[in-house]
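I have placed the structure first, in the form of structure tokens, so that the comments after it can refer back to it.
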Amino acid sequence: LLAGEGKADSALIFLEKFVSEQPENFSGHQFLAEIYFGRNDLSRTEEELRKAIDFHPTDFFVYQQLGQVYMALNEKTGEDIYTSKAIEAWERSVELCPENLDLAAQLRELRGY
């Protein structure tokens, strides 16, 4: 609710406390990652998404989000390793949800074929 009301700082404080008390909560890590991404804190975003994957390794959307983080890191740093990581994350996402045609097309474009 706080994030939806434009109070991301308050939401961040609440979620960090919640996740510290409930470290195995998938949704808490995923939502915390979204807030960090909105703040352009890409390393913390990646960390939270990785934690979410640990609890739910078959959630295609988390891998899709992780690929977006890697693309943002590539843009920010210019390091090609992040493009490779994005491809890997998106390949896993499409593997888990082949119906995600938009992501499959984006993945083909990124690969160049």
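Numerical summary
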| read-out | value |
| --- | --- |
| With Cα atoms, 0 to 90° folded angle of helix 42-55 axis to the chain main axis | 90 degrees |
| The chain: angle of helix 81-96 to the longest principal axis, Cα-based, in degrees nearest 10 | 90 degrees |
| Accessible solvent surface per residue of segment 48-113, calculated while the other protein chains remain in place, 1.4 angstrom probe, Å² | 59 Å² |
| Portion, in percent, of the accessible area of the chain that falls on carbon or sulfur, probe 1.4 Å | 51 percent |
| Hz values of 3J(HN,Hα) by residue in segment 15-31 - Karplus curve (6.51, -1.76, 1.60), Gly and Pro given as x | 5, 4, 5, 4, 5, 5, 8, 10, x, 9, 8, 4, 5, x, 5, 5, 5 |
| For segment 17-32 and segment 45-113, distance of Cα centres in Å | 21 Å |
| Relative contact order (%) - criterion: Cα under 8 Å, at least six apart; region: the chain | 17 percent |
| Lysine pairs meeting the criterion (Cα under 21 Å, 8 or more apart or interchain), as found in the chain | 4 |
| Loop GluC sites (Glu not before Pro), segment 57-103, which have at most 13 other Cβ atoms in a 10 Å radius of their Cβ (DSSP) | E79, E99 |
| MRE, 222 nm, helices only [DSSP H, n ≥ 4, -39500 (n - 2.57), over the chain, to nearest 500] | -24500 deg cm²/dmol |
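The values are calculated or read from the model by the stated rules, or taken from the named source; none is laboratory data. This one's a predicted model, so the numbers in the text were calculated from it and none came from an experiment. Virtual Cβ from ideal backbone geometry, glycine too; neighbours counted across all protein chains shown. We work out accessible area using only protein heavy atoms, side chains counted, and drop any ligands, DNA or RNA first. Shrake-Rupley method; radii C 1.70, N 1.55, O 1.52, S 1.80 Å.
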